[in-house]
Structure formats: structure tokens, C-alpha cells
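Presented below is the structure to which this report refers.
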Amino acid sequence: MPCRYTIYKNRRLVVTIGWDPFTFAEGLAHEDQISLDPDFDPTYDHLIDATLVTRAALTGSELASLASRTKFSRQSRRAIIVTSTVLFGLGRMFETYLQLSGSAESMGIFKERDQALQWLGIEGKLESA
């Protein structure tokens, strides 16, 4: 998934914005890139904005693999923003795989950015990093 991320240290938040296509290889590379960033803290929350993703090219086992190797801690909250039913379903699958791997306490899937930020407890606008 071509994407970029921003770490908001003062908000204890990583924001990922992705666009087409979502692939297993790109997901792995992105997760590795975040974890190598010196500003990354595995206890930060994670907001994934997938509203520009219209095509996902990965299998269920690849999704399970991504969930099992997450660099975020169990205490991290994750919110995914999607616009399609297919991506909503994939988000639910990812949530299930995170829970099965023991990697996630809570995750939410939303259609609106404001709802996701509110659920994460983030108030106000996110400043540019």
C-alpha cells in the first residue's frame, strides 16, 4: 500500500494514510519503516486512514500475518477509516486476527475521520509534523 505516516509524539499517535493498491509486501514494508523510526513508541495509538484505498490485493493468510507481526503493543488503540464495504470487511478480519494473536486490546473501524479521532480520544486538529 503506497502510504505515508506521521508520528505525533505530543498526542502519542501514529497516523498512516494509504492509497491504492493495498498489498502484503507494502504492508510489511510500512510496518517495518514505522518501527525503525526513532520517534516511534509501540504504546502509541494508530490511526489508519484508508479512505483512498479502493483495491486490496492480499489473502486472508497475508492479513493474519500482518496482524501477528504488528509493532504496536496490546495497549495501543487502533482506528481504521474506510469508505467501502469490502474494506470494512477486511478491517474486521484484521481486527479478528489481532485478537487471535493476542496483539490487540481494542480496535475500531469507522467511516468518518472525526469519529475515529474521537474514539481515540484525540481532540482538536492534528498539526502538521
- the chain - mean residue ellipticity at 222 nm from DSSP helices (-39,500 (n - 2.57) per run, n ≥ 4, rounded to 500): -11000 deg cm²/dmol
- Message: So I have [x] 0.92; [y] 0.95; [z] 1.04, and one of them is Rg/Rh (Cα atoms, Kirkwood Rh) calculated from this model. Which one is it?
- Response: [x]
- Message: Compute for region 69-122: radius of gyration divided by Kirkwood radius, i.e. Rg/Rh, restricted to C-alpha atoms, rounded to two decimals.
- Response: 0.97
- Query: Taking Lys111 as the anchor, which aspartates and glutamates have their alpha carbon closer than 13 Å to its alpha carbon, excluding any fewer than eight residues away along the same chain?
  - Reply: Asp49
- Taking all protein chains as present, what is the carbon and sulfur share of the accessible area of the chain, in % to the nearest whole number, probe 1.4 Å? 51 percent
- Message: Give me the 1.4 Å probe accessible area per residue for the chain, excluding ligands and nucleic acids, in Å².
- Response: 53 Å²
- Once the in-chain neighbours fewer than 8 apart are removed, the lysines whose Cα is under 17 Å from Lys125 read Lys9
- Message: What's the ranking of 49-55, 7-13 by average number of surrounding C-beta atoms within 10 Å, highest first?
- Response: 49-55, 7-13
- Once both labels are modelled 7 Å past Cα along the beta-carbon direction, what's the Ser65-Leu52 spacing in nm? 2.6 nm
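The values are calculated or read from the model by the stated rules, or taken from the named source; none is laboratory data. Predicted model only: the values in this text are computed from it and were never measured. Note that we place each Cβ from the backbone using ideal geometry, even for glycine, and neighbour counts take in every protein chain shown. When the accessible area is computed, the model is the full protein with side chains, heavy atoms only, and any ligands, DNA or RNA have been set aside. Shrake-Rupley method; radii C 1.70, N 1.55, O 1.52, S 1.80 Å.
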